[in-house]
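The values are calculated or read from the model by the stated rules, or taken from the named source; none is laboratory data. These numbers come from a predicted model, not from an experiment. Cβ sites come from the backbone with ideal geometry, for glycine too, and all protein chains shown count toward neighbours.
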Amino acid sequence: MVASADISPIGATSAIPPAAGVGVAAVNAATLRPSSDAAAIAGQLVAEVAATLTEELPASLPTAPPPSALTAMVGQAATQQDSLAPLLADLVVAVNSPAMPADARATAAQILAAQTPLGPDVTAEQLRSAAQGSGVFLEAGLAAAVVNGDEAAPANLQQDLKALLLQLSSELAPLIEGSGLAKPTALATSLPRGTALRGSTDQLEPPVGGGPTTGQPAARPSLSPQAQTDVLVRTLQQEAQGALARVQLSQAASVERSGETTRWMFEVPIATPDGAGVAQFEISRDGRGPGAGTGDGEPSWRARFSVNVAPSGPVHADVLLGKDRARVTLMAEDVAARQALDAHRDELARALGAEQADVAVRVIGGAPPRPQQQPAGQLVDRRS
């Protein structure tokens, strides 16, 4: 994501004025100047035009500032990012494979254990833990632990998705570097023929603050239980790097910017009957609720999230919470799913009514409307 400060627009430039003292006259064959005079005039013209360009161009074509570290990270991560779902599917195979190194197998088991159950028994505390362990808050949590002298921080790393992905990648990297195999950046072209990997043509849109949320369905494993160590390691390394890049993009989308709504965008693995899927969330807070600006209003909280679970397909939720009020909109792209949600709409309203005095729930069909187009220059598709 490119901040406005990183964009240096090229303004319209004024036409370069004609060189001073150089006129246009009719040429008469009888009054042609000698070649020496023509050469002198040409030399004067070149010198004056060069002087004009030197004076005009620096003022009219500003030099673009160097990209910031955040911009550079986003540009690189956007070309590498991929869903966490393919990695989760392959880890299920890898933990039971004799080709999987022991330390990486233990880390893989921890990643798989981080799935949040998707069902009527899920609790608010489980969702809170999933959000805190999504990887988006890793560095902020470590910094706070250092400042506060919190000794529990190292234990929390074993529950943070980004920390676990980094650990898995670091455990697999020596096996790649020590065997003379291609490094992760070249994995797509170095894998043996017939190895199934998620292609770049079906990559997800990078997370963008205020942009649409997208639920990711469970993926099928690309590894077989009989996969050799080199194929298994390189496949998992590529998928781990893609998942890490997507966490980085979620962190970039969550960076607080002056004058904008405070928001956190993150993804969590969810357990579904078909395997591990991914739910995407965005939680935002602003002060534009009732009474805002008068000193009496409280910040409004908004949560948007999406899941994609068979057979319901993509389902999206938009929840707005304010003082003693709740507004919920559920959107289902599948007709049968919309009808099922509508049948339980009153039940959901009663459950929310136990916490909020003013509750409204509606169920509609289709996908949520896309937000206003993002400013040009934030992301570049380098694949086409």
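Before moving on, here are some points about what is shown:
- Filter result for S300 (modelled with pLDDT of 90 or more and either surrounded by 16 or more Cβ atoms within 10 Å (Cβ to Cβ) or touching a strand residue (DSSP E or B) at 6+ places or on another chain (Cβ under 7 Å) (or both)): no
- Listed by position, the helices (runs of 4 or more DSSP H) enclosed by region 97-177 that each have at least 1 residues that are in the same structural domain as T235 (by TED's automatic domain parsing) and hydroxyl-bearing (S, T, Y) are 102-113, 124-132, 161-177.
Conditions tested, residue by residue: (1) at pLDDT below 85; (2) of a type outside the set (A, V, I, L, M, F, W, C).
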| site | (1), (2) |
| --- | --- |
| A131 | no, no |
| L142 | yes, no |
| A145 | yes, no |
| K162 | no, yes |
| A173 | no, no |
| L187 | yes, no |
| A196 | yes, no |
| T213 | no, yes |
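- Restricting region 71-92 to residues that are assigned to a helix (DSSP H, G or I) and at pLDDT 95 or above, the residue that is surrounded by the most Cβ atoms within 10 Å (Cβ to Cβ): L87
- Of residues in region 238-259 being part of a loop (DSSP other than H, G, I, E, B) and of a type outside the set (S, T, N, Q), the one surrounded by the fewest Cβ atoms within 10 Å (Cβ to Cβ): G259
- Whenever a residue of region 97-122 is closer than 23 Å to A310 by Cα, its partners that are polar (S, T, N, Q) and surrounded by 12 or more Cβ atoms within 10 Å (Cβ to Cβ), lying with C-beta atoms within less than 6 angstrom and at least six residues away or across chains, give the pairs T116/Q126; L118/T272.
- Filtered by the rule that a residue be small (G, A, S) and modelled with pLDDT of 95 or more, region 93-103 gives a lone residue, A94.
- Within region 239-253, tally of residues that are in contact with a Gly (Cβ under 6 Å, 6 or more places away or on another chain) and acidic (D, E): 0
- Where P66 falls short, out of the listed (1) farther than 21 Å from L164 by Cα; (2) at pLDDT 75 or above: (2)
- Applying the criterion of being part of a helix (DSSP H, G or I) and of a type outside the set (A, V, I, L, M) to the residues of region 202-237, the residue that is nearest to D318 (Cα to Cα) is D202.
- In region 320-359, the residues that are closer than 21 Å to E282 by Cβ and part of a strand (DSSP E or B): L320, L321, G322, R325, A326, R327, V328, T329, L330, M331, A332
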